[in-house]
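Structure first, then comments.
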Amino acid sequence: SRQRLVPVGGPALEWTRAYLAAARRRPARRRDGGTLFLGPRGGPLTRQALWLVVRKWARRAGLRRSISPHTLRHSFASHLLEGGADLRSVQAMLGHADIATTQIYTHLPSSAVLRMYRQFHPRAGSRGRSA
């Protein structure tokens, strides 16, 4: 599995510390010492277990549509790109080996495309505003 470098904000760091101090009652298995999130038996949290956790909290939050870990990953990447992050940085955070895999997240809403046109195209003056 590839290493990923993902910046973590203050609230996420606080919750991670709380998890390590209180919720992780069972120690990690010796060979899983580098694993952050553990399953009930002390091994790495499985994909299925993570999916169940995400689904449970999405329901508790009142979200009606189906939410999965991939939904969160897709939202993370899309928000970074919509906010102006460069594709290579997003690629590194997602751990993609191929930039083409990251380009899947570059679909922009038409409002964002129009905003970029108006902001960056030299001919987007008064005639470009009706586009």
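Taken together, the values in this text are just the output of simple stated rules run on the coordinates, not laboratory data. Computed from a predicted model, the values in this text were never measured in an experiment. Note that we place each Cβ from the backbone using ideal geometry, even for glycine, and neighbour counts take in every protein chain shown.
Taking the Cα centre of the chain as reference, the dipole from Cβ charges on Lys and Arg (+1) and Asp and Glu (-1) amounts to some 540 debye.
Taking 53, 113, 90 as the candidate residues, the one with maximal mean-square fluctuation in a Gaussian network model of the chain, Cα springs under 10 Å, is 113. Taken along its principal axes, the alpha carbon cloud of the chain reaches lengths of 65, 34, 26 Å, longest axis first.
Seen from every direction in turn and averaged, the convex hull around the alpha carbons of the range 68-131 projects onto 5.1 nm².
Considering only 43, 62, 83, the Gaussian network model of the chain with Cα springs below 10 Å gives its largest mean-square fluctuation to 62. Which residue fluctuates most in the GNM of the chain (Cα springs below 10 Å): 58, 77, 21? Greatest mean-square fluctuation among the candidates belongs to 21.
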